[in-house]
Amino acid sequence: MNPRTHFTPLNRAESGHVLRIAHRGASAYAQENSAESFEKASAMGADMVEIDIRLTADGLPVVSHDESLTRLFGLSTNIADLTFAQLQAAIPTGRAPILTFEAVAAVCADLKLGLYLDIKEFNPASGEMVFAALDHFSLTEHSIAGSFRPDFAANIKAAHPRLRTSILYGSTHIDPVLLAQAIGADYVHPCWENTTPEPHRLLTPEWMEKVRAANLGIVCWHEERPSEITALDALGVDAICSDTPDILFNLTKS
């Protein structure tokens, strides 16, 4: 594919296709949340990358899904217990480092990739650093900040109203409209990939109509099954996450 020359509009009616969000970058093909995973995601046709925000002991926002270094690096320590300098020193030779959010923002701005932020940890000071980086790299209008924590999502929207927000949730018994409206979110993000064999069926016509009537966008869980990707796209959701952005691209061409 040719290098990207512009950001994809978040509005599906404007872009002409569902937003293709590479989950932790092209994580099926490279170390998740690494520069390589973002570069591969761009080459595979992703519009955005989903990244996870955590904080070091000295309060620096970094990009990591896990709170500990055990799964990816075999180290029994937590990111929150290390300064950024200590974190960098701890990463084993041959593994991609954990990046600061600012560094990831710079990479993605260069690749013309929007950001879908999964905010795992948040405080006012770290929020200001994230917002400043988004503004500095002209990413605010091309990004969405989401969280499983309603208080985080509400505080982000209050602090930076121009940044679109999303609320993530796992239960099928939650009223998505009431939840989103309570915190001023712009999108709902049901995380139903493991709920049933065909989770797209949970997005019933009644559910879709209710969410759309409230003027809310819909971001869907990370999905790698071609049949589910095709079904979600046909339903008209706004965004789909995937570890395999190449498959997502090939199945959702405008």
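The values are calculated or read from the model by the stated rules, or taken from the named source; none is laboratory data. These numbers come from a predicted model, not from an experiment. Neighbour counts run over all protein chains shown; Cβ positions are idealised from the backbone, glycine included. For accessibility, only protein heavy atoms count, side chains too; no ligands or nucleic acids. Shrake-Rupley method; radii C 1.70, N 1.55, O 1.52, S 1.80 Å.
Summary table
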read-out: Order of exposure, largest accessible area first, which applies to Ile91, Ile21 with probe 1.4 Å; value: Ile91, Ile21
read-out: Accessible surface of Cys191 - all protein chains present, 1.4 Å probe, nearest 10 Å²; value: 30 Å²
read-out: Carbon + sulfur, % of accessible area of segment 121-185 - ligands and nucleic acids excluded, 1.4 Å; value: 60 percent
read-out: By accessible area with a 1.4 Å probe, ligands and nucleic acids excluded, highest first: order of Lys210, Lys40; value: Lys210, Lys40
read-out: Accessible area (Å², 1.4 Å probe, nearest 10) - Glu14; value: 130 Å²
read-out: Lys, Arg +1 and Asp, Glu -1 on Cβ, resulting dipole of segment 99-254 about Cα centre, debye, nearest 20; value: 300 debye
read-out: For segment 1-42, fraction of C-alpha pairs farther apart than 12 Å, in %; value: 61 percent
read-out: Stretch gain in nm, segment Phe73-Thr5, where the contour uses 0.36 nm per residue and the Cα spacing is subtracted; value: 21.0 nm
read-out: Sequence of Arg71, Arg212, Arg24, Arg201 from largest to smallest accessible area, 1.4 Å probe; value: Arg201, Arg71, Arg212, Arg24
read-out: Per residue, in Å², the accessible surface of the chain once ligands and nucleic acids are set aside, probe 1.4 Å; value: 43 Å²
read-out: Per-selection Rg to Rh, segment 15-66 - Cα, Kirkwood hydrodynamic radius; value: 1.07
read-out: Kirkwood Rh and Cα Rg combined as Rg/Rh, segment 114-254; value: 0.97
read-out: Gaussian network model of the chain, springs between alpha carbon atoms under 10 Å - residue of Thr56, Thr230, Thr244 with greatest fluctuation; value: Thr230
read-out: FRET efficiency for Ala159 and Ala80, using Cβ-Cβ distance with R0 set to 35 Å, rounded to 0.05; value: 0.95
read-out: Set of lysines near Lys40 by C-alpha distance (under 19 Å), chain-local residues within fewer than 8 positions excluded; value: Lys112, Lys253
read-out: Rounded tilt (10° steps) of 226-235 against the dominant C-alpha axis of the chain; value: 60 degrees
read-out: Rounded accessible area of Ser171 (nearest 10 Å², 1.4 Å probe); value: 50 Å²
read-out: Positive-end residue of Leu178, His17, Ala231, charge dipole of the chain with Cβ unit charges; value: His17
read-out: Förster-model FRET efficiency, 25 Å R0, Asn250 and Glu206, C-beta, rounded to 0.05; value: 0.20
read-out: The chain: angle of helix 101-111 to the longest principal axis, Cα-based, in degrees nearest 10; value: 60 degrees
read-out: Projected area averaged over orientations for the chain, convex hull of C-alpha atoms, nm²; value: 13.0 nm²
